[in-house]
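Colleague: The structure follows.
The values are calculated or read from the model by the stated rules, or taken from the named source; none is laboratory data. Note that the structure is predicted; figures quoted are calculated from it, not measured. Cβ coordinates were reconstructed from backbone atoms using ideal geometry, including for glycine residues, and neighbour counts include every protein chain displayed. The protein model used for the area step is the full one, side chains on, heavy atoms only, and it has no ligands, DNA or RNA in it. Shrake-Rupley method; radii C 1.70, N 1.55, O 1.52, S 1.80 Å.
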Amino acid sequence: MSDFARALRNEDANGNAITLTAAQGRIEILSGLTVALALVPEAVAFAFVAGVQPLVGLYAAFIVGLITAVFGGRPGMISGATGALAVVMVALVAQHGVQYLFATVVLMGIIQVLAGVFKLGKFIRMVPHPVMLGFVNGLAIVIFLAQMEQFKVPSPDGGHEWMSGLTLWMTLGLVGATMAIIWGTPKVTKLIPAPLAAIGLVAAAVIVFDIPVPRVGDLASVKGGLPEFAIPQVPFDLETFKIIFPYAMILAAIGLIESLLTLNLVGEITRERGGASQECLAQGGANIVTGFFGGMGGCAMIGQSMINVNSGGRTRLSGISAALFLLSFILFASSIIELIPLAALVGVMFMVVIGTFAWQSIRLMRRIPLSDALVILTVTIVTVLEDLAIAVVVGVIISALVYAWNAAAQIRATPHPSKSEKGALVYDIEGPLFFGSATSFQEMFEPESDPDTVILDFAGSRVVDQSALQAIEAVAEKYSQAGKKLKLRHLSKDCHRLLHGAGQLVVEASDDPSYRLAVDYDIQLGRIGGH
């Protein structure tokens with residue numbers, strides 16, 4: 001069955017049916033309503049960051065959210081306009097205008113679809129767990145810092161200044177009340193998601209008692225019509241492509257990294273696996289559509305996804321409901337939504353921060369290797385100071401270098417007399433031979449003190465790369481200059497194939513088909529080509 005057909009049948013990425021009872025359906029819809037309420041100020045704020053109109057962010061949240069909810073790789077995930085993408089878009093919009101942004105979003109979607117077609121999403125498995133912890137912690141801090149903007153009010157000079165006096169204290173009180181209600185509601189009832197109960201009660205108190213605190217309407221009006229199809233008004237030539245392609249590549253990479261890491265995080269909570277390639281296709285298709293309908297593009301939102309999952313959302317219905325509720329707000333209920341106090345939504349996001357941050361990582365710092373602790377801290381800091389994509393790449397590189405260093409230290413060469421060839425000396429090689437261990441490998445042998453025939457037994461090792469081939473040839477040359485011979489023994493299939501490709505091994509396939517026999521191979525000098 002295709003991914004799209006499975007999605008419509010409300011199955012997870014493993015093809016397992018997700019039961020949707022009446023009770024679960026009620027939870028899914030209420031979870032979607034909660035997410036939609038929290039999406040409004042987020043989408044508006046990110047639109048401002050990108051330098052576009054609020055409706056551009058709201059349309060993106062609706063279109064991307066709806067398409068990924070139906071076809072995405074993980075039921076329960078929420079997608080929409082995000083700050084990680086907005087900070088990249090702002091330079092493009094400032095220099096070339098919003099139409100170039102729409103064209104870039106379409107190209108971004110095409111790139112993401114290609115990533116799905118070629119199944120590049122599977123490479124998210126290469127992200128180590130310390131990088132995941134750093135990602136979660138960094139994003140929690142970013143969500144927290146983003147809420148600080150809600151504590152600013154317009155200043156007389158046309159800018160913004162921090163709240164002060166009674167307004168600040170009332171806002172903080174409402175934020176605290178929201179958090180307390182979210183904490184206490186599950187202890188009283190589970191019929192309604194705790195964040196939705198908190199938003200409703202705090203909003204009702206603010207409206208009934210006319211408490212003078214900033215509301216959603218103070219950010220911008222959310223009233224609008226249906227998004228309309230329009231081809232981006234840009235010249236379709238090479239010059240335009242040169243302008244938008246770098247931005248599209250960066251946005252596609254950031255969007256996929258954040259989406260796939262969120263997919264893994266939600267998967268750990270819901271105990272589901274797979275769906276990476278399907279998520280790439282869904283994200284790409286959603287961005288192509290939103291680019292043609294006046295949206296700023298988007299990707300998975302960890303904060304909103306956590307709200308949904310923690311509210312009980314487990315199926316595609318919750319994401320679909322969130323998108324449809326958001327559209328209804330734009331079309332019919334803008335006047336009501338604009339009355340909601342920002343403090344209630346900030347309180348919800350603060351609880352998301354508390355639930356998202358991997359607090360156990362602080363305790364683990366003294367129990368895990370220093371290198372892993374460094375990766376967690378580095379990814380967290382870079383996520384906050386730069387962006388998620390750079391942070392993940394930096395974390396993976398550090399982890400890979402640490403692994404290479406540790407693997408390089410495992411190379412060993414233990415000598416003993418040969419049992420099959422009189423007078424020969426056998427070195428049992430242990431540990432992988434690759435670029436990291438190549439230099440140490442070359443320094444292990446002293447041809448002057450060895451007999452005329454030396455055999456390197458690779459039963460406990462692997463020849464991995466060109467650096468390993470170069471190292472073997474360099475050792476063979478040292479023995480050749482000393483008038484002695486070097487042979488290889490017990491090569492695995494992959495090692496044999498690598499050496500054969502370099503022109504080192506020219507043997508019949510029937511010689512050692514399973515590579516379990518003690519066949520000795522000679523080394524031909526000059527095949528790899530020196531330094």
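Colleague: Being assigned to a helix (DSSP H, G or I) and over 12 Å from Gly298 (Cα atoms) is the filter here, so list the residues in the range 51-67 that pass it.
Modeller: Pro54, Leu55 - these are the residues of the range 51-67 that are assigned to a helix (DSSP H, G or I) and over 12 Å from Gly298 (Cα atoms).
Colleague: Turning to a different aspect of this structure: Considering only the range 302-316, how many residues are open to solvent by 10 Å² or more (accessible area, probe 1.4 Å) and closer than 22 Å to Gln147 by Cβ?
Modeller: The total comes to 3.
Colleague: Right, Trp162: open to solvent by 40 Å² or more (accessible area, probe 1.4 Å), touching a strand residue (DSSP E or B) at 6+ places or on another chain (Cβ under 8 Å) and of a type in the set (Phe, Trp, Tyr) or not? Write out each step before concluding.
Modeller: On the way: open to solvent by 40 Å² or more (accessible area, probe 1.4 Å): yes; touching a strand residue (DSSP E or B) at 6+ places or on another chain (Cβ under 8 Å): yes; of a type in the set (Phe, Trp, Tyr): yes.
Criteria met by Trp162.
Colleague: Further, regarding this structure: Does any residue of the range 417-440 turn out to be open to solvent by less than 70 Å² (accessible area, probe 1.4 Å), touching a Leu at 6+ places or on another chain (Cβ under 7 Å) and of a type in the set (Asp, Glu)?
Modeller: Initially, the range 417-440 is screened for residues open to solvent by less than 70 Å² (accessible area, probe 1.4 Å), giving 418, 421, 423-429, 431-434, 436-438, 440.
Okay, now just the ones that are also touching a Leu at 6+ places or on another chain (Cβ under 7 Å), so 418, 427, 429.
From what's left, of a type in the set (Asp, Glu): none.
No; the residues of the range 417-440 include none that is open to solvent by less than 70 Å² (accessible area, probe 1.4 Å), touching a Leu at 6+ places or on another chain (Cβ under 7 Å) and of a type in the set (Asp, Glu).
Colleague: Can you confirm whether Thr262 is open to solvent by less than 20 Å² (accessible area, probe 1.4 Å), more than 22 Å from Gly313 (Cα to Cα) and part of a helix (DSSP H, G or I)? Can you show your working first?
Modeller: Working: open to solvent by less than 20 Å² (accessible area, probe 1.4 Å): yes; more than 22 Å from Gly313 (Cα to Cα): no; part of a helix (DSSP H, G or I): yes.
Spelling it out, it is not the case that Thr262 is open to solvent by less than 20 Å² (accessible area, probe 1.4 Å), more than 22 Å from Gly313 (Cα to Cα) and part of a helix (DSSP H, G or I).
Colleague: Just to check your reading of the model, which residue among Val175, Val142 is part of a helix (DSSP H, G or I) and at pLDDT below 90?
Modeller: Val142
Colleague: Also: Looking at the range 368-377, which of its residues are open to solvent by less than 30 Å² (accessible area, probe 1.4 Å) and out of contact with any Ser or Thr (no Cβ under 8 Å at 6 or more places or on another chain)? Full working, then the answer.
Modeller: Quick first cut of the range 368-377, residues open to solvent by less than 30 Å² (accessible area, probe 1.4 Å) only: 373, 375-376.
Once the filter is applied, which keeps residues that are open to solvent by less than 30 Å² (accessible area, probe 1.4 Å) and out of contact with any Ser or Thr (no Cβ under 8 Å at 6 or more places or on another chain), the range 368-377 yields only Ala373.
Colleague: Counting only residues that are touching a strand residue (DSSP E or B) at 6+ places or on another chain (Cβ under 9 Å) and open to solvent by 10 Å² or more (accessible area, probe 1.4 Å), which one in the range 317-341 is farthest from Ser79 (Cα to Cα)? Steps first, answer last, please.
Modeller: First, pick out the residues of the range 317-341 that are touching a strand residue (DSSP E or B) at 6+ places or on another chain (Cβ under 9 Å): 319, 322-323, 326, 338-341.
Narrowing the set further to residues that are open to solvent by 10 Å² or more (accessible area, probe 1.4 Å) leaves 338-340.
Working: Glu338: 22, Leu339: 25, Ile340: 22 Å.
Per the stated criteria, the residue is Leu339.
Colleague: Is at least one residue of the range 236-243 touching a helix residue (DSSP H, G or I) at 6+ places or on another chain (Cβ under 9 Å), closer than 24 Å to Leu37 by Cβ and of a type in the set (A, V, I, L, M, F, W, C)?
Modeller: No, that holds for no residue.
Colleague: To continue, here is another question. Kindly evaluate Val56 against the criterion of being β-branched (Val, Ile, Thr), open to solvent by less than 50 Å² (accessible area, probe 1.4 Å), modelled with pLDDT of 95 or more and touching a Gly at 6+ places or on another chain (Cβ under 9 Å).
Modeller: Numbers: β-branched (Val, Ile, Thr): yes; open to solvent by less than 50 Å² (accessible area, probe 1.4 Å): yes; modelled with pLDDT of 95 or more: yes; touching a Gly at 6+ places or on another chain (Cβ under 9 Å): yes.
Taking the combined requirement at face value, the residue satisfies it.
Colleague: Scan the range 357-367 and tell me whether some residue there is over 30 Å from Ile381 (Cβ atoms), over 25 Å from the mean Cα position of the chain (by Cα) and open to solvent by 10 Å² or more (accessible area, probe 1.4 Å). So that I can check it myself, show each step before the final result.
Modeller: Initially, the range 357-367 is screened for residues over 30 Å from Ile381 (Cβ atoms), giving none.
No, that holds for no residue.
Colleague: With the requirement that a residue be free of Cβ contacts under 8 Å to residues at least 12 places away in the same chain and either touching a strand residue (DSSP E or B) at 6+ places or on another chain (Cβ under 9 Å) or outside any helix (DSSP H, G or I) (or both), what does the range 206-256 give you?
Modeller: Listed by number, the residues that qualify are Phe209, Asp210, Pro235, Phe236, Asp237.
Colleague: Give the residue, chosen from Gly303, Gly291, Gly312, Gly284, that is not acidic (Asp, Glu) and not in a helix (DSSP H, G or I).
Modeller: Details: Gly303 fails: not in a helix (DSSP H, G or I); Gly291 fails: not in a helix (DSSP H, G or I); Gly284 fails: not in a helix (DSSP H, G or I).
It is Gly312.
Colleague: Picking from Val206, Val202, which residue would you name as being buried (at least 19 other Cβ atoms within 10 Å of the Cβ) and either farther than 19 Å from Leu33 by Cα or among the aromatic types (Phe, Trp, Tyr) (or both)?
Modeller: Val206
Colleague: Could you grab me the full set of residues in the range 444-470 that are among the hydrophobic types (A, V, I, L, M, F, W, C) and either modelled with pLDDT of 90 or more or closer than 21 Å to Lys419 by Cα (or both)? Let's see the steps before the verdict.
Modeller: Taking the range 444-470 as the starting set, the residues that turn out to be among the hydrophobic types (A, V, I, L, M, F, W, C) are 444-445, 454-456, 458-459, 463-464, 468-469.
The answer is Met444, Phe445, Val454, Ile455, Leu456, Phe458, Ala459.
Colleague: Still on this model: Tell me, yes or no, whether the range 276-293 has at least one residue that is touching a residue at least 40 places away in the same chain (Cβ under 8 Å), of a type in the set (D, E, K, R), open to solvent by less than 10 Å² (accessible area, probe 1.4 Å) and in contact with a Lys or Arg (Cβ under 8 Å, 6 or more places away or on another chain).
Modeller: Taking the range 276-293 and keeping what is touching a residue at least 40 places away in the same chain (Cβ under 8 Å), we get 276-293.
Add one more test, that the residue is of a type in the set (D, E, K, R), and what stays is 279.
Within this subset, residues satisfying the condition of being open to solvent by less than 10 Å² (accessible area, probe 1.4 Å) are 279.
Imposing the further condition that a residue be in contact with a Lys or Arg (Cβ under 8 Å, 6 or more places away or on another chain) reduces the set to 279.
Yes, some residue in the range 276-293 is touching a residue at least 40 places away in the same chain (Cβ under 8 Å), of a type in the set (D, E, K, R), open to solvent by less than 10 Å² (accessible area, probe 1.4 Å) and in contact with a Lys or Arg (Cβ under 8 Å, 6 or more places away or on another chain).
Colleague: Does Phe48 satisfy the criteria of being aromatic (Phe, Trp, Tyr) and modelled with pLDDT under 95? Step through it out loud before you land on a result.
Modeller: Details: aromatic (Phe, Trp, Tyr): yes; modelled with pLDDT under 95: yes.
Yes, satisfied.
Colleague: Tell me, please, whether a residue that is farther than 20 Å from Leu401 by Cα, of a type in the set (S, T, N, Q) and part of a helix (DSSP H, G or I) can be found in the range 411-420.
Modeller: No, that holds for no residue.
Colleague: Need pairs with beta-carbon distance below 7 Å; first residue aromatic (Phe, Trp, Tyr) and within the range 389-410, second not in a helix (DSSP H, G or I); sequence gap 6+ or separate chains.
Modeller: From the range 389-410, the pairs are Trp405/Gly436.
Colleague: Within the range 68-85, count every residue that is of a type in the set (S, T, N, Q), in contact with a Cys (Cβ under 8 Å, 6 or more places away or on another chain) and not in a strand (DSSP E or B).
Modeller: First, pick out the residues of the range 68-85 that are of a type in the set (S, T, N, Q): 68, 79, 82.
Next, from what is left, pick out any that are in contact with a Cys (Cβ under 8 Å, 6 or more places away or on another chain): 79, 82.
Next, only the ones that are not in a strand (DSSP E or B) stay: 82.
Of the residues in that region, 1 qualify.
Colleague: Could you please let me know if Ile27 is at pLDDT 85 or above and either farther than 16 Å from Leu196 by Cβ or buried (at least 17 other Cβ atoms within 10 Å of the Cβ) (or both)? Spell out how you get there, then give the answer.
Modeller: Details: at pLDDT 85 or above: yes; either farther than 16 Å from Leu196 by Cβ or buried (at least 17 other Cβ atoms within 10 Å of the Cβ) (or both): yes.
Judged against the criteria, Ile27 is a match.
Colleague: Shifting gears a bit: Would you check if there is a residue in the range 445-456 being open to solvent by 10 Å² or more (accessible area, probe 1.4 Å), without any contact (Cβ under 8 Å) to a residue 40 or more places away in the chain and touching an Asp or Glu at 6+ places or on another chain (Cβ under 6 Å)? Steps first, answer last, please.
Modeller: We begin by selecting, within the range 445-456, every residue open to solvent by 10 Å² or more (accessible area, probe 1.4 Å); these are 446, 448-453.
Narrowing further to those that are without any contact (Cβ under 8 Å) to a residue 40 or more places away in the chain: 446, 448-453.
Next cut, touching an Asp or Glu at 6+ places or on another chain (Cβ under 6 Å) only: none.
No, there is no match, as no residue in the range 445-456 is open to solvent by 10 Å² or more (accessible area, probe 1.4 Å), without any contact (Cβ under 8 Å) to a residue 40 or more places away in the chain and touching an Asp or Glu at 6+ places or on another chain (Cβ under 6 Å).
Colleague: Select from the range 38-76 the residues that are touching a Ser or Thr at 6+ places or on another chain (Cβ under 6 Å) and β-branched (Val, Ile, Thr) and list them in ascending order.
Modeller: Across the range 38-76, the qualifying residues are Ile63, Val64, Thr68.
Colleague: Could you check, for the range 379-392, whether at least one of its residues is at pLDDT below 95, in contact with a Pro (Cβ under 9 Å, 6 or more places away or on another chain) and among the hydrophobic types (A, V, I, L, M, F, W, C)?
Modeller: The answer is yes; a qualifying residue exists.
Colleague: Here are some residues: Glu239, Glu268, Glu228. Which one is farther than 20 Å from Gln99 by Cβ and charged (D, E, K, R)? It would help to see each step written out before you state the result.
Modeller: Working: Glu239 fails: farther than 20 Å from Gln99 by Cβ; Glu228 fails: farther than 20 Å from Gln99 by Cβ.
From the options Glu239, Glu268, Glu228, the qualifying one is Glu268.
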